[in-house]
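Have a look at the structure below before the remarks.
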Amino acid sequence: MLFHSTRGESPSVPADKALRAGAAPDGGLYLPEGLPQIRSGRAVGSVAEVACELLPSFFTGSALEGQIEQICDDAFNFPVPIVQPGESGPHILELFHGPTGAFKDFGARFLFRSFDRIADASDPITVLAATSGDTGGAVGCAAQGNAHAGAVILFPKGRISPFQEHQLCCWDKPVRALRVDADFDACQALVKRAFLDQDLSRTFGLTSANSISIGRLLPQMSYWAMSARQMLADTGEKPGLVIPTGNLGNAFAAILARALGEPIGPIVLATNANRTLYDWFTDGQYKARASVATLANAMDVGAPSNFERLAAFEPDAPVEVVRVTDNEIEMAIREEHTLHGYVACPHTATALVAHTRISDRVRAERPWLVGATAHPYKFRETVEPLIGQKISPPQTLANVLERPTTVRDIPAELSALQAALAS
């Protein structure tokens, strides 16, 4: 299958070339030229089993053809439970049981296992990733032990939780962490500028592991498809999804899975005080703006990159967008724990609030799945005072705290990034 740029000014390429490039040469984002025919309501299975059904067709004619099943089996080897804390509340799809405690583990592990097969000593890869919290941790972990694909992680100074920063800076070579004196949007813009600088990109073999990479999006379809199939089998209805989102990658993966025929009903996007998506949904005008710091910091995005994909793929707003304040996030964390004993991270809490905003009639028509994107321990400074108790880390996160950290501070300037890459 070939992939084309959203801007239509670059030639189409097979999947391995799209993964290798990250963004298209014209600055656009890659989309598949067509969608394989996937029958709705196929057999229930694990995420790895569903991925092995959905993904190989996208890689026909590429250097990864015939290897996707092995990559999926290796990458998705951790549980993805569906829980329902209260009898009348939504089901929760817990996406944080991977090695770094966040849903980003799915895409990062798939991507680096793919890179390990398409790079070599004569053509090494440097993954350049801007992160508002969880992407960098997943990228750093996934890059460990990779001989020909390293990672450089950029994150905004003072805009992520202490644990997130530790997790970004604790990995050995081939991983390096850069703390940027700016917000996430500036980090993301810096990465895009580096990709557009052809000499810089060619010199360091740059590519992306952010959600602008089609290699991140495709595997994320798998857990939405898996959970939707399970809910359909259990209830006889296609579930609606409530997805906390900032850069629109996780949301677009669900939209893509639905387009493939997976049994997914309405999709509701939960956003925080950053209002770009909400304003677009309410008045039809997309206007990027500076990001605003919130409790749900991984969603602090004022210029979501994947909007370009959404506009090109389904321009008529196939989703609903709900905007949630910090006060509502705090209330949801507190109430969910008081009523059901469930501990939600701030991002999951935005989706819980959004679920309550769905009209009673629409909510009653079907079961609903809320995406739980990160383990609450990663945000314990926010969550623990609200629930009145300590949160214990899972062993994977406890292991992270034992690792020493190394970080380099840079301004949000391309020359500073180039110097860091060369060092």
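Percent antiparallel among DSSP beta bridges with both residues in the chain, to the nearest 5?
20 percent
With r defined as the distance between the Cβ atoms of E33 and Q144 and R0 fixed at 30 Å, what FRET efficiency is calculated, to the nearest 0.05? Each step should come with its number before you reach the end.
Values: r = 34 Å, r/R0 = 1.14.
E(calc), rounded to 0.05, equals 0.30.
With the cut-off at 22 Å, tell me which of the pairs K157/K287; K104/K192; K17/K192; K104/K173 have Cα atoms farther apart than that.
K157/K287
Classify the chain as rounded, prolate or oblate, taking a ≥ b ≥ c as the square roots of the eigenvalues of its Cα gyration tensor: rounded when a/c is under 1.5, otherwise prolate if a/b is larger than b/c and oblate if not.
rounded
For a quick check of understanding: with a 1.4 angstrom probe and all protein chains in place, what accessible area in square angstrom does Y342 have, to the nearest ten?
Here the accessible area works out near 30 Å².
Which of the peptides 268-276, 203-211, 401-409 is most tightly packed, and how do the rest follow, going by the mean number of other Cβ atoms within 10 Å of each residue?
Result, highest mean Cβ count within 10 Å first: 268-276, 203-211, 401-409.
Using mean Cβ contacts within 10 Å as the protection proxy, how do 12-22, 140-150 order, highest first?
Packing order, densest peptide first, comes out as 12-22, 140-150.
Taking the alpha-carbon centroid of each part, what is the distance from the range 169-227 to the range 71-94 in angstrom?
Value for the Cα centre distance between the two parts: 26 Å.
Calculate what fraction, in whole %, of the accessible area of the chain sits on carbon and sulfur atoms when a 1.4 Å probe is rolled over the protein chains.
48 percent
Ignoring everything but the protein chains, give the 1.4 Å probe accessible area of M1 in square angstrom, nearest 10.
50 Å²
Using a simple charge model, +1 on the beta-carbon of Lys and Arg, -1 on the beta-carbon of Asp and Glu, nothing else, what dipole does the range 204-325 show about its Cα centre, in debye to the nearest 20?
That gives a dipole near 220 debye.
For A177, what residues show an amide H to amide H distance below 5 Å, using hydrogens built from the backbone and excluding near sequence neighbours?
Under 5 Å from the amide H of A177 lie the amide H atoms of I153, R408, each far enough along the sequence or on another chain.
For the pair E69 and T325, what calculated FRET efficiency results from E = 1/(1 + (r/R0)^6), where r is the Cβ-Cβ distance and R0 = 41 Å, to the nearest 0.05?
Efficiency, from the Cβ-Cβ distance: 0.40.
Arrange the peptides 88-95, 300-307, 393-400 so that the one whose residues have, on average, the most other Cβ atoms within 10 Å appears first.
For the peptides 88-95, 300-307, 393-400, the packing ranking is 300-307, 88-95, 393-400.
Which aspartates and glutamates, if any, have their Cα less than 13 Å from the Cα of K238, not counting same-chain residues under 8 positions apart?
E262, E365
Place a +1 charge on the Cβ of each Lys and Arg in the range 26-98 and a -1 charge on the Cβ of each Asp and Glu, then give the dipole magnitude about the Cα centre in debye, rounded to the nearest 20.
200 debye
Under a straight-distance cross-link criterion of Cα-Cα below 18 Å, which lysines are reachable from K390, leaving out those fewer than 8 residues away in the same chain?
Answer for K390, where 18 Å is the Cα cut-off: K378, listed by chain and number.
Taking the Cβ-Cβ separation of D283 and D26 as r and a Förster radius of 35 Å, what is the calculated FRET efficiency to the nearest 0.05?
Plugging the Cβ-Cβ distance into 1/(1 + (r/R0)^6) gives 0.75.
Quick check on the range 39-161: of the DSSP beta bridges with both residues there, what percent are antiparallel, nearest 5%?
Of those bridges, close to 35 percent are antiparallel.
Roughly what % of Cα-Cα distances in the range 376-418 sit above 13 Å, to the whole percent? Numbers along the way, then the final one.
Working: 615 of 903 pairs.
In whole percent, the share of Cα-Cα pairs in the range 376-418 beyond 13 Å is 68.
So if I place +1 on the C-beta of Lys and Arg and -1 on the C-beta of Asp and Glu, and nothing else carries charge, what would the dipole magnitude of the range 113-261 be about its Cα centre? I want it in debye, nearest 20.
140 debye
Fully extended, how many nm does the chain gain between A121 and E314 (0.36 nm per residue separation, minus their Cα-Cα distance)?
Once the chain is fully extended between A121 and E314, it gains 65.5 nm.
The values are calculated or read from the model by the stated rules, or taken from the named source; none is laboratory data. As the structure is a computational prediction, the values presented were derived from the model and not from experiment. Glycine also receives a Cβ, built like all others from the backbone with ideal geometry; neighbour counts cover every protein chain displayed. Heavy atoms of the whole protein, side chains included, go into the accessibility calculation; ligands, DNA and RNA do not. Shrake-Rupley method; radii C 1.70, N 1.55, O 1.52, S 1.80 Å.
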